[in-house]
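> For reference, the structure I am asking about is given below.
The values are calculated or read from the model by the stated rules, or taken from the named source; none is laboratory data. This is a predicted model, so every value here is computed, not measured. For neighbour counting, all protein chains shown are included, and Cβ atoms are generated from backbone atoms with ideal geometry for every residue, glycine included. Only protein heavy atoms, including side chains, enter the accessible area calculation; ligands, DNA and RNA are left aside. Shrake-Rupley method; radii C 1.70, N 1.55, O 1.52, S 1.80 Å.
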Amino acid sequence: MTTPSQHRLPCLLFLVVLILFAAQVVAADPPVPTGEKLFARDNLVAWCIVPFDAKKRTPTERVEMLKKLGFKKYAYDWRDEHLPTFDEEVGLLKKAGIELTAVWFPANLGADARKLLDGIKKHNVKPQLWVTMGDPGGKDQKEKVETAASIIRPIAAEADKLGCTIALYNHGGWFGEPENQIAVIETLKLKNVGMVYNLHHGHDHLDRFSELLKKMMPYLLALNLNGMVKDGEKLGKKLLPLGQGELDLKLLKAIVESGYVGPIGILGHTQDDAEARLRDNLDGLDWLIPQLAGKPAGPKPKYRTMSVVPVVSAIAA
């Protein structure tokens, strides 16, 4: 016959083992962020593939390309000749189960903007509206911020009626500086206004990218990747496939470590075949991801396109 104290002994031993195990878990190094979820295919957004495509695909052909490449998200850029088929394209995207994540949007509420808003409303989609502008005008910083805010405010109001958000898009100049965009956002104090950051318009920010990322995080709605080298825009290497930039791994690590969890844009943006350019970026990303986990780099991808774009016009994304 066992005594109560004998019954308690195995329980105490089990408790000691459990405590020791828990202590080991707490003491262990935290797992290295790998970005596998962040850079998974279903979080990648195909961007700059409408006016930037040597094959000049139709909406049907473009949606088929997105399906073939495994994209579940898409950001729509356009020129005037594409707007008549916007409604058709949104319908095809819905049928294919591809999210219209964002739409390149004018900094006004003119006829083009109304065409886009009508299509968004008809199909009951809720994309981000990516809005940029040049220098808004004003004699000093305070006036520039207030002028930019006054331009964005009515667009944000229309977007809010449809359940859409506004993302301020960095495109160089005064409006392309993240601190200026943040000042505009904080002046507006609107829940549906944030920002989208583009690495291909951020070559001047590379030395302070991690610092800027911390500032942007409360407002960051999307982040678009690009192959990056120091002074890339000045050297005629504005756009490179992922994996071709000497800074790509460092920048991806900074993004992962920041805790950002939103959509990640994958660029076309050259006059190559858009499918080939997207594939190059996807292959480059797949080559970089294992290195984020400390694994050795395998063989570099064989790129199909190596176009670089030294200068992008004011209307280009």
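> Which one of these does S150 not meet: (1) without any contact (Cβ under 8 Å) to a residue 12 or more places away in the chain; (2) assigned to a loop (DSSP other than H, G, I, E, B)?
(2)
> Conditions first: (1) modelled with pLDDT of 95 or more; (2) open to solvent by less than 80 Å² (accessible area, probe 1.4 Å); (3) over 30 Å from Q291 (Cβ atoms). S5 passes all but one, so which condition is the exception?
(1)
> For residues that are buried (at least 20 other Cβ atoms within 10 Å of the Cβ) and free of Cβ contacts under 8 Å to residues at least 40 places away in the same chain, scanning just the range 195-211, find the one that is farthest from L242 (Cα to Cα).
Out of the qualifying residues, it is M195.
> Going through V145, V184, V125 one at a time, which residue ends up being assigned to a loop (DSSP other than H, G, I, E, B), buried (at least 16 other Cβ atoms within 10 Å of the Cβ) and not hydroxyl-bearing (S, T, Y)? Quick ask: steps written out before the conclusion?
Details: V145 fails: assigned to a loop (DSSP other than H, G, I, E, B); V184 fails: assigned to a loop (DSSP other than H, G, I, E, B).
Unique residue meeting the criteria: V125.
> Taking the condition surrounded by fewer than 20 Cβ atoms within 10 Å (Cβ to Cβ), among the small types (G, A, S) and touching a helix residue (DSSP H, G or I) at 6+ places or on another chain (Cβ under 8 Å), does A107 pass? Walk me through how you get there before you give the answer.
On the way: surrounded by fewer than 20 Cβ atoms within 10 Å (Cβ to Cβ): yes; among the small types (G, A, S): yes; touching a helix residue (DSSP H, G or I) at 6+ places or on another chain (Cβ under 8 Å): yes.
Answer is yes for this residue.
> Then there's this: Identify, from the list K253, K230, K234, the residue that is in a helix (DSSP H, G or I), touching a residue at least 12 places away in the same chain (Cβ under 8 Å) and surrounded by fewer than 20 Cβ atoms within 10 Å (Cβ to Cβ).
Numbers: K230 fails: in a helix (DSSP H, G or I); K234 fails: in a helix (DSSP H, G or I).
Answer to the check: K253.
> Moving on. In the range 258-278, is there at least one residue being farther than 25 Å from V103 by Cβ, of a type in the set (D, E) and at pLDDT 95 or above? Even if it seems obvious, please write down each step before you answer.
Initially, the range 258-278 is screened for residues farther than 25 Å from V103 by Cβ, giving 258-259.
Still in the running and of a type in the set (D, E): none.
The answer is no, given that none of the residues of the range 258-278 is farther than 25 Å from V103 by Cβ, of a type in the set (D, E) and at pLDDT 95 or above.
> Moving on. Considering only the range 84-104, state which residues are open to solvent by less than 10 Å² (accessible area, probe 1.4 Å) and either at pLDDT below 95 or part of a helix (DSSP H, G or I) (or both).
Within the range 84-104, F86, E89, V90, L93 qualify.
> OK, next. Please count how many residues of the range 148-170 are under 19 Å from D87 (Cβ atoms) and either open to solvent by less than 10 Å² (accessible area, probe 1.4 Å) or in contact with an Asp or Glu (Cβ under 7 Å, 6 or more places away or on another chain) (or both).
Of the residues in the range 148-170, 2 are under 19 Å from D87 (Cβ atoms) and either open to solvent by less than 10 Å² (accessible area, probe 1.4 Å) or in contact with an Asp or Glu (Cβ under 7 Å, 6 or more places away or on another chain) (or both).
> Quickly run through the range 156-194 and pick out the residues that are touching a Pro at 6+ places or on another chain (Cβ under 7 Å) and without any contact (Cβ under 8 Å) to a residue 40 or more places away in the chain.
N170
> Checking the structure you have, find out if any residue of the range 232-250 is under 17 Å from the mean Cα position of the chain (by Cα), modelled with pLDDT of 95 or more and acidic (D, E).
Yes: the range 232-250 contains one or more residues that are under 17 Å from the mean Cα position of the chain (by Cα), modelled with pLDDT of 95 or more and acidic (D, E).
> Going through G138, G134 one at a time, which residue ends up being open to solvent by less than 40 Å² (accessible area, probe 1.4 Å) and modelled with pLDDT under 95? Walk me through it before giving the result.
On the way: G134 fails: open to solvent by less than 40 Å² (accessible area, probe 1.4 Å).
Result: G138 is the single residue among G138, G134 that is open to solvent by less than 40 Å² (accessible area, probe 1.4 Å) and modelled with pLDDT under 95.
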